[in-house]
1. Looking at the chain as a GNM with Cα springs under 10 Å, which of 46, 286, 80 has the largest mean-square fluctuation?
2. For the residue pair residue 14 and residue 279, what label-to-label distance in nm results when each label sits 7 Å from Cα along the Cα-to-beta-carbon direction?
3. If packing is taken as the average count of other Cβ atoms within 10 Å, what order do 95-104, 231-240, 194-203 fall into, highest mean first?
4. Could you give the length gained on full extension between residue 127 and residue 224, defined as 0.36 nm per residue of separation minus the Cα-Cα distance, in nm?
5. With all distinct Cα pairs included, what does the Kirkwood hydrodynamic radius of region 11-182 come out to in Å, to one decimal, could you say?
6. Whole Å is fine, so just give me how far the alpha carbon centre of region 21-88 lies from that of region 136-200.
7. Could you tell me the ratio Rg/Rh of region 187-314? Both radii from Cα atoms, Rh via Kirkwood.
8. For P(r) over Cα pairs in 20 Å bins from 0, in percent, pick the label among (1) 32, 57, 10, 1; (2) 38, 60, 2; (3) 28, 61, 11 that corresponds to the value derived from the coordinates.
């Protein structure tokens with residue numbers, strides 16, 4: 001194993017009914033809470049009403065930040081920053097998929113920035129010398145793993161650049177993960193999210209080092225679990241076992257655990273980010289298009305590398 005430092009401060013509450021059971025106590029020290037959500041699905045499936053009711057019963061002032069789109073833009077982030085500053089928001093709840101959660105963390109970061117947030121934290125890797133607004137996540141899809149990391153992937157719509165970094169200071173304080181909340185996701189979106197999880201693991205797994213290591217063996221187990229449970233979820237979208245496994249697979253794919261000791265160049269992800277910046281395609285769908293072509297292109301070099309290594313080992317044994 002290569003040297004590494006591991007940090008993840010997000011506390012996970014996992015299982016059916018966890019939002020009703022724990023949300024009130026998790027926001028008890030905050031007077032004003034921002035509800036960040038997408039373009040309407042959380043209102044149609046009842047999740048919005050459930051969360052809103054809990055916050056209102058707890059006597060919280062609520063600032064709403066709706067309409068977060070897939071591939072959230074820097075303009076949308078700055079809209080949230082304005083709302084957070086005007087409302088003196090003390091916590092941001094990201095309720096939705098990866099785009100919503102990334103945008104919520106981006107708002108939390110940019111709201112405390114004293115200069116140009118894009119130039120300081122997205123155009124290059126920056127140093128956060130302040131405490132971003134605390135965030136909590138309620139994922140409604142499985143795929144990005146954004147609920148347990150500090151990543152904030154944002155698209156600058158004018159520059160046509162989609163990029164982001166994982167800042168540990170932006171990791172959510174908590175994640176409330178109820179697999180039932182993922183039931184209403186359409187099959188196409190569910191499969192795209194699953195491939196996103198798979199792509200995170202593949203990019204890590206196929207990066208150096210190639211020698212035996214714990215991270216790779218964990219990655220193999222996760223990939224097998226994802227494939228098996230995706231098939232179960234396609235057959236029965238309300239299979240709780242399948243949905244709960246996929247939700248936890250998603251978290252483990254991007255909570256930094258399987259990246260320990262790995263190079264993690266994520267070359268295909270970088271290509272998809274630019275594809276998304278120009279076409280606004282879904283991230284998981286973009287990865288599903290690019291990954292097969294990418295691996296067909298590079299696998300021969302991998303075979304040559306392993307063949308050469310095997311030849312060297314055979315020669316040394318002789």
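1. It is 46.
2. 3.4
3. Answer by packing, highest mean first, reads 95-104, 194-203, 231-240.
4. Working it through step by step, the gained length comes to 31.2 nm.
5. Averaging 1/r across every pair of different Cα atoms and inverting gives 15.7 Å.
6. 16
7. Rg/Rh for region 187-314 comes to 1.01.
8. Here the calculated entry is (1).
Each value in this text was obtained by applying a stated rule to the coordinates, not by laboratory testing. These numbers come from a predicted model, not from an experiment. In this analysis, Cβ positions are derived from the backbone assuming ideal geometry, glycine residues included, and neighbour counts consider all displayed protein chains.
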